[in-house]
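Here the structure comes first, spelled out in structure tokens, and everything after it is commentary.
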Amino acid sequence: MNGKTVLIVDDEAPIREMIAVALEMADYNYLEAADAREAHALIVDKKPDLVLLDWMLPGTSGVELARRLKKEEATADIPIIMLTAKVEEDNKIQGLEVGADDYITKPFSPRELVARLKAVLRRATPPGVDTPIEVDGLTLDPVGHRVTTEDGPLSMGPTEYRLLQFFMTHQERVYTRSQLLDQVWGGNVYVEERTVDVHIRRLRKALGEKYDHLIQTVRGTGYRFSTKAA
């Protein structure tokens, strides 16, 4: 698997199955949801890399779900491809206006779907997700799942690794403990905010004296990753 996870949101099981087969053949992981409520819970909890979202869903429509996802900070950056049988131009425009990244009209071929999906993921993938990111000699390699310095590899737990990856791809911005819980642990996971402090301490220890200063405490607010003096 290439590590990318796609959420398929469609109320028709045969369509979900057809898409799932195409994704498997293209080496993608996938999740499935039959309605907007189930989809939103999976998105918050699992943080898929892309959402294939059907326009017509029971209850909350796909367009309404897309609008909600783009308004919420924790999900705003997740790319969305709308799937629909609607071919009218104004429907396409409406889908794109709420924040969808692309639009595929049913029926579509699995090859077309995968090609469009790859293109959207390529545009949406920030540094540090597919390619190594380096700061002052500290390098995080997401493919090899390694953190190295000029002195050699660093050893850290999976949560500390995810924290560091998030920080290195979101530098110079302050995040509250609550925001870090949403981004690193997932919104549906119950973890006390002070747990963040414990993992920050572990991350600093893993980084050692040469790099622990990059994780800065912002009193009364939270933490930031910065190469500038606090």
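The values are calculated or read from the model by the stated rules, or taken from the named source; none is laboratory data. Just so we're clear, the structure is a prediction, and the values are computed from it rather than from any experiment. Quick reminder, even Gly has a Cβ in these numbers, built from the backbone with ideal geometry, and neighbours come from all protein chains shown.
Below is a table of values for the structure above.
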| quantity | calculated |
| --- | --- |
| Candidates Gly220, Gly137 - the one that is in contact with a Ser or Thr (Cβ under 6 Å, 6 or more places away or on another chain), of a type in the set (Gly, Ala, Ser) and either in the same structural domain as Glu72 (by TED's automatic domain parsing) or at positive phi (or both) | Gly137 |
| Index of the failed condition, Gly59 passing every other in (1) exposed (fewer than 15 other Cβ atoms within 10 Å of the Cβ); (2) closer than 20 Å to Arg116 by Cα | (2) |
| Scope the stretch 83-118; condition surrounded by fewer than 12 Cβ atoms within 10 Å (Cβ to Cβ), modelled with pLDDT of 85 or more and not in a helix (DSSP H, G or I); matching residues | Pro107, Ser109 |
| Checking Ala41 against (1) in a loop (DSSP other than H, G, I, E, B); (2) surrounded by fewer than 19 Cβ atoms within 10 Å (Cβ to Cβ), the condition it does not meet | (1) |
| Matching residues in the stretch 139-198 - criterion: being charged (D, E, K, R) and either surrounded by 13 or more Cβ atoms within 10 Å (Cβ to Cβ) or part of a helix (DSSP H, G or I) (or both) | Asp141, Arg146, Glu160, Arg162, Arg177, Asp182, Arg194, Asp197 |
